[in-house]
1. Only sites in a loop by DSSP and with at most 10 other Cβ atoms within 10 Å count here; which chymotrypsin sites (Phe, Trp or Tyr not before Pro) in the range 58-150 make the cut?
2. Normalised radius of gyration for the range 80-170, please: alpha carbon Rg relative to 2.2 N^0.38 Å, two decimal places.
3. At a Förster distance of 22 Å, what's the computed FRET efficiency of GLU40 paired with TYR107, Cβ-Cβ distance as r, to 0.05?
4. Taking just the C-alpha trace of the range 3-62, give me its Rg and Dmax in Å.
5. Normalised by the number of residues in the range 80-170, what is the relative contact order in percent for Cα pairs under 8 Å and 6+ residues apart?
6. Only sites in a loop by DSSP and with at most 13 other Cβ atoms within 10 Å count here; which GluC sites (Glu not before Pro) in the range 1-96 make the cut?
7. Can you tell me the Rg and the Dmax, both Å, for the Cα atoms in the range 1-156?
8. Exactly which trypsin sites (Lys or Arg not before Pro) in the range 77-151 are in a DSSP loop and have at most 15 other Cβ atoms within 10 Å?
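Please treat every number below as a calculation from the coordinates, not as lab data. Quantities reported herein were computed from a predicted structural model and do not represent experimental measurements. Don't worry about glycine lacking a Cβ; one is built from the backbone with ideal geometry, like all the others, and counts go over all protein chains shown.
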Amino acid sequence: RSLAESLDAELLMYLAQRRITPGFLNEIDLFLRGHPELAEYTPDFVRRFNNARPLAAYRFFLKGYTRPARYVPGILPERDDQITLPHELPSVASTVDDELVDFFDGYEYRYDILRRIDDQVRALCNFLRSGGRLTWTQRLLVGLTLFGNPVDAYKHYEYNYQTEWLPHRYLPEHVVLSEVPKEPDYSVPTARVRTLDGADDKTRHTFLNTRRKMARANDAGV
């Protein structure tokens, strides 16, 4: 099925209320079409998605999606000078978001991580007020917290931003892909530097940042 082609009024109204662009439905369609193996390895997921009404199917898909939704252009700031800081910052830990409730359904509701997001955003906003400049990922976290939906702020923080629990940084785009077996020749990538003659040179230290990240991921069991 195609969520984008359904043109379902209930779904489109829901997206508008949450400031999500209808084009996000195309991304979901492309993801599903790009993984036909799901029909073989996760038939229950496919059946539930196909049999639900469009809005219910959309929310069912999002429960395992590890990326933020895509917002209507102009909602999230692309530059620091586009961020208007409110007098009182919103709190993702104290805001009720039905999608976030769905996301945690069956698991512990992670107030500790949500409070960590609030603390991080508060620090970044203070940094902005003092004339600091944010990185792209910092700006996105601030934008999702101030102008987006709590579930997307959580997903960006937990699966793209934080560095305390690296396995979550390396999850696939949707957790359902974890149920698809790896190819027989799949292997964990190893960081190496190539010399001019093509031999591995393990004594050189170029690309240190990449090598350090891969080493930390390996230590974390990723």
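1. Within the range 58-150, the qualifying chymotrypsin sites (Phe, Trp or Tyr not before Pro) (loop, at most 10 other Cβ atoms within 10 Å) are TYR107.
2. Relative to the rule-of-thumb radius for its length, the range 80-170 sits at 1.07.
3. 0.25
4. Expressed in Å, the Cα Rg and Dmax of the range 3-62 come to 11.7, 35.
5. It rounds to 32 percent for the range 80-170.
6. Here the sparse-neighbourhood loop sites are GLU37, GLU78, GLU88.
7. Looking at the range 1-156, its Cα Rg and Dmax stand at 17.1, 54 Å.
8. Within the range 77-151, the qualifying trypsin sites (Lys or Arg not before Pro) (loop, at most 15 other Cβ atoms within 10 Å) are ARG79, ARG133.
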